[in-house]
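Undergrad: This is the structure, below, for whatever I ask next.
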Amino acid sequence: MILHRRAATCLRILLVFSVITLSPYILNAKNSDWLYISPEMHLSEPDTNIVPDTIKTGLSNDLKSKVEYNAKDSMLFDIENEKVYLFGDAIVKYEAITLKAAYIEVDWTKRTVYATGVKDSTGKEIGSPEFSDGGESFTAKTITYNFDSEKGRITEVYTQEGGGYILASTTKKIDETSYYIKSGRYTTCNLPEPHYSINSNKLKVIQNKKIVTGPAYLTIADVPTPLVIPFGFFPNKSGRNNGIIIPTYGESTALGFYLRDGGYYFGLGDYFDMALTGDIYSLGSWGSGSIINYANRYKYNGSLNLTYKQIRTSDRELPDFALNKEFFIRWNHKQDPKARPNSIFSAQVNAGTIDNFTVDPQPDINYLRNEFRSSISYSKSWPGKPYNFTISANHNQNSSSRVVNVTLPEASFSINRFNPLKGKDKISGTKWHSKMVDNLGVSLRTNLRNQLQATDSTLFDNISDDMQNGLAFTVPISTSLKVFKHFTLSPSVTYNERWYLSTIRRGYSSTDNQIVTLDTVRQFTTQRDFITSASLNTRVYGLKQFKGKKIAAVRHVMSHTLSFNYRPDFSEPKYGYYGITQINAEGDQGTYSLFQNGILGGPPSGKLGSLAYSIDNNLEMKVKPKSDTITDLKKIKILESLRFSTSYNLALDSLNLSNIRIDGRTTLFNRASLSFGGVVNPYVLDTLGRTINTFELSENNRLGRLTSANVSLGFSLKNINTDRKSNAGTQAELDQINADPFGYVDFSVPYNLGVSYSMTYTKSGLNPSALNQFV
């Protein structure tokens, strides 16, 4: 008997735990008390292999799927009323639905779940319900949801729909995709308290389709405005979609009523899309266009815009009738520099007929542009190698002169400076010779250009005659070595070579009384020129120290540079680069360059044998600090630079000495910058104001005449300290400022105020009427 009673007691306990475990399926359990389950009891999940009908608990109309629930604090079961109460970080999962809240109540009789937040000890509400169904989610103050009907009621909801946000006081979920909202707001501002919104008492939301409102009005900063609409329609589709582009309508005086920019949008893939648009006018004009956007993250992005229009003005029977066919292309392509650091392609194209913006009735900022430019380029470099390659196509179009310049292609290849003979001196063992050979550096620059210049109406008429092309090579060679212990000698030579497919022949036209181009000779021609130079540099230091005085020392540094440049006269007949022709009606002879029209230039005329000299001065002093605790001397700049320079051309027969230039700069009080300069002419002027070959030093006992001078003084006041911290405000307030930086006024904004004053003096020469004013 005792054994039988104990077995019955065990059976009752097992039955109770079975009921608890199967509580999501219990509908009409009777004669049960409250059960309090703490998390430490580790309540097991229901066994999905158990069929509910095998236990007679009054089950009927079971749910389609299992309901999973849990709570961090505790769970309270009311078996008599068939309810479950979840406290603390509660969670309920049903199919694709997940509900989280501080408090959740599940009613198995009504098949409903209720969720809300709770208040902490400070009165702040925490654990507000978070509801997610598939890809949709929102937060609210309270949520009531029915598992069977999949309908719900939500209060004070905040959710994102498409590109906007919805805030509502009361929301009813009527099916899986539709909601009814009372007293709602729609906005694109992502703040909990938006700066602006469209308010309406009635809204209907169809997920991934549209949002429809009744009468609505605009509010700014919670202040209602008189902007009212009878209804609202907002599409909120997500993902890739195709759709119709609604055209704009209007009227043009010349072309009539129109529908513009209407068409169809195609979402073609993950990397590009396209829009086809068209225009139509009531007086016969029409147009079409396409816009293609493409992007591949971390690789490249761009857009291509093509337009074609037929603009018809007036009637065919009238003399002012015109039919203009216009097209325009815009292409922008950018490559991410990190995608291929050693190989970069870019494009920016703006080309088409100029009338595209003058006849078009739609206002366009391009109408005010006088010039359109295009550029397509590709550049490549080789890591660890001194090679660089660039090829490009360029276009320039002037809307006023209607002149078009097309450069296709323009390519350049360069080799950076390298030392081909370093460590290879086998001729002499002398130190200076080896140093000169080791420092011998060579580089190479090549440039290929093919250019066409014509008007837009004759661009393709005579391409072979109008096209100019050429190939140029430049080879600089230089070295350096120490001489006489304190001097640095740097000789160099620069060699230039150009290849052309044509030369010109010019002559004197008695009709025009000027030199004109008579003929263009089509033949392959090469020409070469060079220039040699050498510079000698040294630096002299002077130091004066003072004992027992405020000034500890003064240092003077003089940098001397003496250079020589030589270039022969390439206009001499022996080179064959220049022709001889009559230049005026009197029969005087002159020379002209056979490569005058060459796009890469030609050999220069005139002999050059220039000897240049410059001296640069730097003056500083060191002073003792006012405090005895500081031992370091303070450096003060008196003159940062004071430079004198001039040159003497040995190849000229007179006026060999050039003007003497004076340039200087310094800083005053570590605040203001002072710069000054001047030009001194060493030659005398005659009574007509012309420079003659007589020095001022011998004629007037002075170095020269001051022809121009300038002085500039400037300083700046700035506050660019961006490392600022603030202890004012709570962390929540700082987070709010960071979330909306434009809504916060920072009166410590960095600033930079610059003030400058400049004065210029010019006196190039004297005129005869002013001679009597000077002694």
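Undergrad: Give me the 1.4 Å probe accessible area per residue for the range 626-704, excluding ligands and nucleic acids, in Å². Write down the numbers at each step before the final one.
TA: On the way: 5400 Å² over 79 residues.
Ligands and nucleic acids excluded, the result is 68 Å² per residue.
Undergrad: Label Lys334 and Asp175 with points 7 Å out from Cα along Cα→Cβ: what is the distance between them in nm?
TA: Taking the simple label geometry, Lys334 and Asp175 are separated by 4.5 nm.
Undergrad: Roughly how many whole Å is it from the C-alpha centroid of the range 400-420 to that of the range 530-603?
TA: 26
Undergrad: Going by average Cβ neighbours within 10 Å, how do the peptides 241-252, 663-674 rank, with the highest at the top? Mind showing how you got there, number by number?
TA: On the way: 241-252: 11.7, 663-674: 13.6.
So the peptides 241-252, 663-674, ranked by packing, come out 663-674, 241-252.
Undergrad: Want the number for Lys182 to Gln596: 0.36 nm per residue separation, take away the alpha-carbon distance, what's left?
TA: Numbers: separation 414, 0.36 × 414 = 149.04 nm, distance 8.16 nm.
In short, 140.9 nm is gained.
Undergrad: Using 23 Å as the Cα-Cα cut-off, could you pick out the over-long pairs in Lys100/Lys124; Lys482/Lys622; Lys482/Lys637; Lys547/Lys635; Lys141/Lys172; Lys100/Lys209? Please report the intermediate quantities before stating the final value.
TA: Numbers: Lys100/Lys124 18 Å; Lys482/Lys622 32 Å; Lys482/Lys637 30 Å; Lys547/Lys635 17 Å; Lys141/Lys172 14 Å; Lys100/Lys209 27 Å.
Over 23 Å apart, Cα to Cα: Lys482/Lys622; Lys482/Lys637; Lys100/Lys209.
Undergrad: Counting only protein heavy atoms and a 1.4 Å probe, tell me what percentage of the range 528-573's accessible area is made up of carbon and sulfur. Mind showing how you got there, number by number?
TA: Numbers: 1720 of 2900 Å².
Result for the range 528-573: 59 percent of the exposed heavy-atom area is carbon or sulfur.
Undergrad: Ranked highest first by average number of other Cβ atoms within 10 Å, how do 175-184, 92-101, 651-660 line up? Don't skip to the end; give the middle numbers.
TA: Values: 175-184: 16.8, 92-101: 19.1, 651-660: 13.6.
Packing order, densest peptide first, comes out as 92-101, 175-184, 651-660.
Undergrad: Name the trypsin sites (Lys or Arg not before Pro) in the range 550-580 that are in a loop by DSSP and that have at most 15 other C-beta atoms within 10 Å, would you?
TA: Working: sites: Lys550, Arg555, Lys574; in loops: Lys550, Lys574.
Hits after loop and neighbour filter: Lys550, Lys574.
Undergrad: Keeping every protein chain present and rolling a 1.4 Å probe, give me the accessible area per residue for the range 444-577 in Å².
TA: Heavy-atom accessible area per residue stands at 61 Å².
Undergrad: Run the 1.4 Å probe and let me know the accessible area of Met558, rounded to the nearest 10 Å².
TA: Approximately 50 Å² of Met558 is accessible to the 1.4 Å probe.
Undergrad: How far apart, in nm, are two points set 7 Å out from the Cα along the Cα-to-Cβ line at Val475 and at Ser379?
TA: 2.6
Undergrad: While we're on this one: At 1.4 Å probe size, with the rest of the protein present, what percent of the exposed accessible area of the range 177-250 is carbon and sulfur atoms?
TA: In the range 177-250, the share of accessible area belonging to carbon and sulfur is 63 percent.
Undergrad: What's the local net charge at Ser645, with K and R +1, D and E -1, over the other residues with C-beta under 12 Å away? Before the final figure, lay out each step's value.
TA: On the way: positive: Arg643, Arg661; negative: Asp616, Asp663.
The answer is 0.
Undergrad: So how much accessible area does Phe266 have, in Å² to the nearest 10, using a 1.4 Å probe?
TA: Surface accessible to solvent at Phe266 totals approximately 60 Å².
Undergrad: Quick one: if the Förster radius is 51 Å, what FRET efficiency do Ile662 and Ile463 give, using the C-beta to C-beta distance and rounding to 0.05? Walk me through the numbers before you get to the answer.
TA: Values: r = 53 Å, r/R0 = 1.05.
Step by step, r from the Cβ atoms, then E = 0.45.
Undergrad: Another question, then. Arrange the peptides 221-229, 471-479 so that the one whose residues have, on average, the most other Cβ atoms within 10 Å appears first. Before the final figure, lay out the partial values.
TA: Details: 221-229: 10.1, 471-479: 16.7.
Output ranking for 221-229, 471-479: 471-479, 221-229.
Undergrad: Pairs of alpha-carbon atoms within less than 8 angstrom and 6+ residues apart define the contacts here; what relative contact order does the range 512-577 have, in percent?
TA: Values: 59 pairs, mean separation 22.0, N = 66.
Here the relative contact order equals 33 percent.
Undergrad: Which value, in Å² rounded to 10, gives the accessible area of His556 with a 1.4 Å probe and all protein chains present?
TA: 60
The values are calculated or read from the model by the stated rules, or taken from the named source; none is laboratory data. What you see is a predicted model; the values in this text were computed from it and never measured. With ideal geometry, Cβ positions are generated from the backbone for all residues, glycine too; neighbour counts draw on all protein chains shown. In case anyone asks, the SASA skips ligands and DNA or RNA and just uses the protein heavy atoms, side chains included. Shrake-Rupley method; radii C 1.70, N 1.55, O 1.52, S 1.80 Å.
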